[in-house]
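S.K.: This structure is in structure tokens; I'll ask about it shortly.
The values are calculated or read from the model by the stated rules, or taken from the named source; none is laboratory data. Since this is a predicted model, take the numbers as computed values, not measurements. Cβ atoms come from the backbone with ideal geometry, glycine included; neighbour counts cover every protein chain shown.
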Amino acid sequence: MKFKMMIVLCAFLLVYSSVALSQSKETGAIIGTINDEEGAPLPGVSVTISSPNIMGDRTTITDVNGRFRFPALRPGVYSVKAELPGFNTIVRKEIRLHTGTRLTTDITMGIATLEEEITVIAESPTVDVKTSETASVTLSDDLLRAMPTSQFVTGIVNLAPGVSGDVAYGASDGTGISYQVDGVDVGDPEMGSAWVFLDYNIIEEAKIMGIGLNAEYGAFTGVIFNTITKSGGNEFSGHAEIIVQSTSRKFLGINNFWTTDNNQAYIDDNPGLTSPIQGLWDSSFHLGGPFIKGEFRP
């Protein structure tokens, strides 16, 4: 009985450690120091962060050195608000946090002559200076949607500098790429291709990492391609789309590749096909939001 319990305990610790590791790869952190106008640290400052990607606001208090820290944050756009009686309230908005990064946001607070709030929008980007990564690219959901690319997830890798058309990086071939979803390896160990193909619309961001990675990464010779899926927030949101393409020469006034002539040429090049393509269509639907506000999210 004791032996069985030991096996169960070891299995639980193994699963828990792998989950914790994947979570560290799919989150980031916001840290900083708050000083007064003379450069002295301000302890006891109430610092609050907010984002559509987290359940409600998170608040912490600066320590004796004026420092604050928010770990394990989902990627997205954040606002940071600093409040202390007798000082101006400072709000910084449009802070873009990517997965695996730790952004430093230092704040200077002045003595308040009037009750006012100072808002800073689109300040110069904060940079993670603690990482050794020298060849990494992070693509946000907004950027992916703005690019005229296919809706095939693995094709995102081709957007990174140094990746060739056959999805190879540097001197490595395509089998050297490690495909991950939320930090969990989903690659074929034999062929190197991806086993899991996500709906393009549920991607929060994609990160392609190459040279100079931390010791937690391994088992690759090319790049690591990590896709982070979207999460719910305190507000409901969703997306629905359907993509349709017929075989007529023009569909909705747009020139169409899959015409009858091209269909026949495609069949001639692929003997396994017995009939022409009648049309193409694809649909997508997703919904996010809280089960209970501030507590659970799908």
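S.K.: Hey, among the residues in segment 176-210 that are touching a Lys or Arg at 6+ places or on another chain (Cβ under 9 Å) and part of a loop (DSSP other than H, G, I, E, B), which one's surrounded by the fewest Cβ atoms within 10 Å (Cβ to Cβ)?
M.R.: Asp182
S.K.: Can you tell me how many residues in segment 71-97 are of a type outside the set (Ser, Thr, Tyr) and under 12 Å from Ile54 (Cα atoms)?
M.R.: 6
S.K.: Same structure, new question: Please work out which residue is farthest from the chain's Cα centre (by Cα), limiting yourself to segment 13-43 and to residues that are closer than 22 Å to Gln180 by Cβ and either at pLDDT 90 or above or of a type in the set (Phe, Trp, Tyr) (or both).
M.R.: Tyr16
S.K.: Follow-up. Kindly indicate whether Val167 is outside the structural domain of Val223 (by TED's automatic domain parsing), assigned to a loop (DSSP other than H, G, I, E, B) and at pLDDT below 70.
M.R.: Criteria not met by Val167.
S.K.: What number goes with the only condition from (1) surrounded by 16 or more Cβ atoms within 10 Å (Cβ to Cβ); (2) farther than 29 Å from Gly238 by Cβ; (3) of a type in the set (Val, Ile, Thr) that Val80 does not pass?
M.R.: Val80 satisfies all of (1) surrounded by 16 or more Cβ atoms within 10 Å (Cβ to Cβ); (2) farther than 29 Å from Gly238 by Cβ; (3) of a type in the set (Val, Ile, Thr) except (2).
S.K.: Moving on. Of (1) assigned by TED's automatic domain parsing to the domain that holds Asn65; (2) surrounded by fewer than 14 Cβ atoms within 10 Å (Cβ to Cβ); (3) modelled with pLDDT under 85, Val127 satisfies all except one. Which?
M.R.: Only one criterion is unmet by Val127, namely (1).
S.K.: Among the candidates Arg102, Arg74, Arg69, single out the residue that is at pLDDT 90 or above and surrounded by 13 or more Cβ atoms within 10 Å (Cβ to Cβ).
M.R.: Among Arg102, Arg74, Arg69, only Arg69 is at pLDDT 90 or above and surrounded by 13 or more Cβ atoms within 10 Å (Cβ to Cβ).
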